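Read through the structure below, which is laid out as structure tokens, and then see the notes.
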Amino acid sequence: METQNTTSDYTNLVRENGAAFHINFSAGDFDKNGLLVTEDIYVNSNNAILVGRDNFVTRIKRYDGPFPGMRLKDRIVIVEDNVAAVHYLLQGEQKGKYGDLAPTGNKVEAMSAEFFVMDENGLMKDLLTITQLDKLVAQIKGEETVEEHQQVTLYPIDESVPKEVTAKTTDWYIRHFNFRNWEGFKKLLAGDVKVNWNGKMINGADAFMGAIKSRVASFSNITYQVDRSVVEANRSSIGYTMHGKHDGIFNYKDKVYQPTQKDFEIREALHIEVAADGKIKSIIVISNQDEFLNVVKKMA
């Protein structure tokens, strides 16, 4: 019984510290986040690699220039052992220069996923972040418009669904995709599954299967290599690297990109909600679409 209490206390610490990062960020208390990480923290923030507490704090402060007062609003927080997986929305206005883009005052909103690996004291020692950076650029340029920021609430965790059921479904999701077992893949999905694929809403198993097969048609040998995996009750979050080659036609934003035969590695995050029968009820997919464009655009 004592071990169970200790485990529960540690899990609560990981959950509380994981949630504290975005609370501090949204309040502009960036230095407080420095107190929640190890001195030698390793960070992969949208493929920017850095090591050390000071570099971490400097990295998160950079948003305060182009997007002062930006808020990070959590939609999903789940914990397994010493790892917390968080899905959230970045919401703000571009009031400062972002890269080469002058201030516009435009509202911005993008989905993001993070995986926090904690040490024995609940301090973060490893961070992986995957964000829709392409959305920020498109909104700043006026190619996409955010009229009003979404209302964000924390999705509930259904403790009645055994963790083992969710873990098995999540494992088969990756394995069936990699092996192109489409019959097995579809059996994992509820008929009315709801999918948020980088902001595009897809309803129903048939429609989602069409979207998945379209990806494979553009990148026929694409596979998912799992980098992070977190499961709690009815929810799971996985961060993975997509390996493949652009060997098919790719359609994006009304443009057609012919095969370049270029190899690629692109990170993506997936958040899955599972019912008691093991069927997937909902999916959220998060990636930076600019990484795909870098692959499909022909070199000069």
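The values are calculated or read from the model by the stated rules, or taken from the named source; none is laboratory data. This is a predicted model, so every value here is computed, not measured. Because the Cβ atoms are built from the backbone with ideal geometry, glycine has one as well, and the counts that use them run over all protein chains shown.
Overview of results
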{"quantity": "Breaking point among (1) modelled with pLDDT of 95 or more; (2) on the phi > 0 side of the Ramachandran plot; (3) not acidic (Asp, Glu), for Gln91", "calculated": "(2)"}
{"quantity": "Condition broken by Ala190, with the remaining ones in (1) touching a strand residue (DSSP E or B) at 6+ places or on another chain (Cβ under 8 Å); (2) small (Gly, Ala, Ser); (3) in contact (Cβ under 8 Å) with a residue 40 or more places away in the chain; (4) not in a strand (DSSP E or B) satisfied", "calculated": "(4)"}
{"quantity": "Flag if Met201 is of a type in the set (A, V, I, L, M), assigned by TED's automatic domain parsing to the domain that holds Asn221 and either over 21 Å from Thr241 (Cβ atoms) or without any contact (Cβ under 8 Å) to a residue 24 or more places away in the chain (or both)", "calculated": "yes"}
{"quantity": "Selection count where residues are more than 26 Å from Asp158 (Cβ to Cβ), small (Gly, Ala, Ser) and either in contact with a Phe, Trp or Tyr (Cβ under 6 Å, 6 or more places away or on another chain) or surrounded by 15 or more Cβ atoms within 10 Å (Cβ to Cβ) (or both), scope the range 212-231", "calculated": "1"}
{"quantity": "Residue within the range 95-116 that is modelled with pLDDT under 95 and small (Gly, Ala, Ser) present", "calculated": "yes"}
{"quantity": "Residue within the range 269-290 that is in a helix (DSSP H, G or I), over 29 Å from Val117 (Cβ atoms) and at pLDDT below 95 present", "calculated": "no"}
{"quantity": "Number of positions in the range 215-233 that are assigned to a loop (DSSP other than H, G, I, E, B) and within 30 Å of Val14 (Cβ to Cβ)", "calculated": "1"}
{"quantity": "Residue tally, condition more than 12 Å from Ala233 (Cα to Cα) and exposed (fewer than 12 other Cβ atoms within 10 Å of the Cβ), over the range 151-178", "calculated": "2"}
{"quantity": "Strands (runs of 3 or more DSSP E) contained entirely in the range 21-98, each with at least 3 residues that are charged (D, E, K, R)", "calculated": "71-80"}
{"quantity": "Any hit, the range 100-121, residues being touching a residue at least 24 places away in the same chain (Cβ under 8 Å), surrounded by fewer than 17 Cβ atoms within 10 Å (Cβ to Cβ) and within 18 Å of His22 (Cβ to Cβ)", "calculated": "no"}
{"quantity": "Lone unmet requirement of (1) crowded, with 16+ Cβ neighbours inside 10 Å; (2) in the same structural domain as Ile280 (by TED's automatic domain parsing); (3) within 19 Å of the chain's Cα centre (by Cα) for Phe185", "calculated": "(3)"}
